Amino acid sequence: MAELKVRVNEQERIIRSAPDTPLLYVLLDELELKGARFGCGLGQCGSCSVLVNGVEARSCLTKVADVGGKSVTTLEGLPAWYAVQKKLPKAPDLHPLQQALLDEQALQCGYCYNGMIVKGSELLAKNSQPTDAQVRTAMNGHLCRCGTYPRILKAIQRAAAAMKGVTK
Amino acid sequence: MSTRREFLKTGGALVIGFGLSENILGQSSAQPPTPRGSVPGPPDARQIDTWLAIHSDNTTTLYIGYAELGQGNSTALTQIAAEELDLDLSQIKLVGLDTNVTPNQGGTYSSASIARGGPQVRTAAAEARFALLKMAASRFGVPQENLSVVKGVVTSGSGAASRSVTYGELIGGKLFNLPFANSAPVKATADYKIVGKPAVRRDMTEKISGNYTYIQYVRVPGMLHGRVVRPRGQGAYGTVAKVLSVDESSIAGIGGARVIRNGDFIGVVAETEWDAVRAAQQLKVTWDIKPSLPTSEDLYARMRGAQTQDSFVRQSNTLDAAFKSAAHVASQICHGPYQSHAPFGPNCAIADVKPDSALVMSSTQDIYNLRTGLARILKLNANQVRVQYVEGSGTYGHSCHDDAAQAAVILSQSAGRPVRLQFMRWDEHGWDNYGPAHVGEARVGADANGRIVAYEYHGWQHSWCTTETSDQLAFGTAAAERPGVGAQGINPLTLGSMYDVPNYQLVNHKLPGLEYLKGAWLRSPLDLSLSFASEQAVDQLAYLMKIDPWEFRQRNIKDPRWLGVLNATAQAANWKPRPAAANLSTAKIVTGRGIGVGTHLASYGGAVAEIEVNRETGRVVAKHLYGAIDAGLVVNPGIVEAQITGQLIQTASRMFKEEVTFNTTNVTSLDWNSYPILRFEEAPEVTPIVVQRLNERSSGAGEEVMAAAAAAIANAFFDATRVRMQRFPFTPARVLAALK
């Protein structure tokens, strides 16, 4: 059987897990990354979200074999992913949305924030100045049990403002 | 960030027991083992060393017994310690809760961290400062009064003649070995520089960057992955599901997986997580499941007609006469559903059980209580069991954390290896200790001047259930209940006692809990239901008398602190006085506003809701929620604002969306589709208001505005439609039926 290779946060990784293993368990157990989190295993909540070739995907429902040869970006890799998009000389410590969430002191338990940041980053990459309605529509598939939606909405707009001056 | 590392470093015995390797620790254990952590706790709460350690580099490690659940209590308690010790916040480190390390301050519930834990930490820090100043005074040969402290540097005199010494130089690395002197002065509130002011949460950067170790991530060498196998959704608490047969051949194709059975407790363990998940799904178990429940639709009739244990929580002999003399009387029913904690990450626990010891990591709210329970199950002494707290996702009360810990020890004991037990979404949703359902009947009477003269409330609910599911299944342990007092029954603080009422009666009807779902405390227990009935009845009186509902409440409240939160929210919402339902419209989408007051067992909450009702679809959304809390001295107003924000959004979710559904055999709301919660598109704007009272005792702010917000939403619905809802959540079908 051919080796299963996946590019994870810009590093090629050879995957040993069974090919039908959900990507989430590969990230957690084999690659020991802490960004994606188990929430429902049903694709309903968004806590396991990652970017696959820049598009948000639920890693709990994505077989690792299906991302063979593709590029997976997790929460840990978002600052570098952002730097590539914006042609920055080096990756910042945090993606502007991560910084904005800190500035808003938005989170409570923070468990859902993997998905919030991954999805919000995807949105801002596609639409750098979204309206409030566009943000809500884009984020609607991501749940927060602690009820921090108002601060996430503010943080996404804050990040959009911060990203305005950044060259591409 | 050192919090996690410090936690694991401190637990010397844990490192040995689990054989934690470098990749778990993040670094190898560089420090020599210290006595701290080597003996079972709780350490003596009257010893300074129990609470803090001063290091040579003039930093301090603070040992607190309250769990960080994402509410920010660890930051606020650090502020209290920093204030009393005259340290900068950056000089204080924390360790995780550990029954071998941290003091027993009781469980992290009832909004107790600051209300009860704050004074304990303040006292301990003041005692330490007092002892340190004594050392400095002796070193310099000056009276203590001549010393001042800034950032842990003690200075005597001023200018060229001044001499300084750091805390670290005085005692760094050594133990105080001192009991509390009981004479240590605490700072005057007026001198506070850190307490009462916002400070950033200490745990956020790691959580944002993906470096935080939630319990769901903890991995230990040699561990197996475990899952429980249960019927999908629980039946009645007193009717335990029985196993008829287990077909182990049904998972024969999953090489690494095996079944562990203990009584009616079934679990699987496997080397890989995916094998454990698949095995739990594929394993064929035949259960003997008998009808044991009313359905969620028949629930309220069953509750209202049940044989109950009745008691007066408050009694009035003049109530009937007062109602007879009242000029106006309003009544209101509440049918409040079971609601689920549904933590966003299902509970997880790691256990390593050996013949004579056990190490357990859990997101429990109470490590010492869990230790006792696990010791009983394992037939060990409590001091042979060590429990460490690792944060999971927000729990908002007694979700399945202790059940998961029990399941982990049962699996580990049988497997003879460490086991990481992770609940699946349906386990957590289906086997939760739900916030109990409630039937409430409120009746309130006012005289011709709009003064409330009589108030009566009857409430039906069962108490909290204390036997965890794993314990029931594995050992046949009888289903036990709490006595049904306090927050387990109807609660005067939320029920009308904020008003100046001469004739006041509360009657509690305790249901037989074994016939219903398993219940326990869910954030602001029962309060949403209580205020839904109580505050709608009060609101209805104002309506009957054509009095603005804010004005009506002002007229009937004397307590300045209740008036404070009431007025703060009304003013923030720019409330213009008019009677309710005075602006009715026949448009498709109508708007309404409502006001309410309420709390839990302390503090004061007020709220205003602005909502929209779609009369064609039945969809209700909150557009703006305002909430005020007076919790006395608020240590960190920024964190309390965040707490209010979360409470307002959760209240909207619970009023519009959340309801545990069940048929006669089992719970059927097992995921986020069948148990929906509020989403981004429905999230209102929020205005949190902290009513700061620097000279009042801190009294908790984690759940005290939800009752007010629930009432405000219900009253806003009336304002929009002139219809009083009797049941929540306000689902479209229910709203359309009510508007017919």
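The values are calculated or read from the model by the stated rules, or taken from the named source; none is laboratory data. Being a predicted model, the structure only gives us computed values, none of them experimental. Because the Cβ atoms are built from the backbone with ideal geometry, glycine has one as well, and the counts that use them run over all protein chains shown. Each accessible area value is taken on the protein alone, full model and side chains, heavy atoms only, with ligands, DNA and RNA left out. Shrake-Rupley method; radii C 1.70, N 1.55, O 1.52, S 1.80 Å.
Here are the numbers for this structure:
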item: Matching residues in region A:15-40 - criterion: being facing chain B (nearest Cβ under 9 Å), of a type outside the set (D, E, K, R) and part of a loop (DSSP other than H, G, I, E, B); result: A:Ser17, A:Ala18, A:Thr21, A:Leu33, A:Gly35, A:Ala36, A:Phe38, A:Gly39, A:Cys40
item: Residues within region B:262-279 that are more than 11 Å from every other protein chain (Cβ to nearest Cβ) and in contact with a strand residue (DSSP E or B) (Cβ under 9 Å, 6 or more places away or on another chain), tallied; result: 9
item: Hits in region B:425-446 (condition: within 27 Å of B:Gly226 (Cα to Cα) and either open to solvent by less than 10 Å² (accessible area, probe 1.4 Å) or not in a loop (DSSP other than H, G, I, E, B) (or both)); result: B:Arg425, B:Trp426, B:Asp427, B:Glu428, B:His429, B:Gly430, B:Asp432, B:Asn433, B:Tyr434
item: B:Ala609, sole failed condition from (1) over 27 Å from the mean Cα position of the chain (by Cα); (2) of a type in the set (A, V, I, L, M, F, W, C); (3) within 20 Å of B:Arg722 (Cα to Cα); result: (1)
item: Boolean, A:Lys34 is in contact with a Ser or Thr (Cβ under 9 Å, 6 or more places away or on another chain), within 18 Å of B:Tyr217 (Cα to Cα) and among the basic types (Lys, Arg); result: yes
item: Residue within region B:685-695 that is over 22 Å from the mean Cα position of the chain (by Cα), in contact (Cβ under 8 Å) with a residue 60 or more places away in the chain and at the interface with another protein chain (Cβ under 8 Å from one of its Cβ atoms) present; result: yes
item: Members of region B:50-62 found to be surrounded by fewer than 21 Cβ atoms within 10 Å (Cβ to Cβ) and within 10 Å of B:Ile171 (Cβ to Cβ), listed by number; result: B:His55, B:Ser56
item: So A:Tyr111, is it facing chain B (nearest Cβ under 8 Å), at pLDDT 95 or above and in contact with a Ser or Thr (Cβ under 7 Å, 6 or more places away or on another chain); result: yes
item: Condition check for B:Leu319: within 22 Å of B:Leu530 (Cβ to Cβ), surrounded by fewer than 24 Cβ atoms within 10 Å (Cβ to Cβ), within 28 Å of the chain's Cα centre (by Cα) and of a type in the set (A, V, I, L, M); result: no
item: Count of region B:660-693 residues which are assigned to a loop (DSSP other than H, G, I, E, B) and open to solvent by 20 Å² or more (accessible area, probe 1.4 Å); result: 15
item: Residue under evaluation B:Asp356, criteria (1) away from chain A (no Cβ under 14 Å); (2) among the acidic types (Asp, Glu); (3) buried (at least 24 other Cβ atoms within 10 Å of the Cβ), criterion not met; result: (3)
item: Breaking point among (1) among the polar types (S, T, N, Q); (2) surrounded by fewer than 24 Cβ atoms within 10 Å (Cβ to Cβ); (3) out of contact with any Lys or Arg (no Cβ under 8 Å at 6 or more places or on another chain), for B:Thr721; result: (3)
item: In region B:657-674, residue nearest to the other protein chains (Cβ to nearest Cβ) [restricted to those that are of a type in the set (A, V, I, L, M) and out of contact with any strand residue (DSSP E or B) (no Cβ under 8 Å at 6 or more places or on another chain)]; result: B:Leu670
item: Unique match (being farther than 16 Å from A:Val166 by Cα and away from chain B (no Cβ under 12 Å)) among A:Glu104, A:Glu122; result: A:Glu122
item: Subset of region B:393-422 [among the hydroxyl-bearing types (Ser, Thr, Tyr) and open to solvent by less than 20 Å² (accessible area, probe 1.4 Å)]; result: B:Ser393, B:Thr395, B:Ser399, B:Ser412
item: Flag for A:Glu76 being at negative phi, within 12 Å of chain B (Cβ to nearest Cβ) and not hydrophobic (A, V, I, L, M, F, W, C); result: yes
item: Subset tally (residues that are part of a loop (DSSP other than H, G, I, E, B) and touching a residue at least 60 places away in the same chain (Cβ under 8 Å)) for region B:178-189; result: 5
item: A:Ser47 being on the phi < 0 side of the Ramachandran plot, of a type in the set (Ser, Thr, Tyr), in contact with a strand residue (DSSP E or B) (Cβ under 7 Å, 6 or more places away or on another chain) and touching a residue at least 60 places away in the same chain (Cβ under 8 Å); result: no
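Yes or no, residue by residue, for (1) in contact with a Gly (Cβ under 7 Å, 6 or more places away or on another chain); (2) hydrophobic (A, V, I, L, M, F, W, C):
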residue	(1), (2)
B:Leu293	yes, yes
B:Ala326	yes, yes
B:His335	no, no
B:Cys348	yes, yes
B:Ala351	no, yes
B:Lys354	no, no
B:Ser357	no, no
B:Val360	no, yes
B:Leu370	no, yes
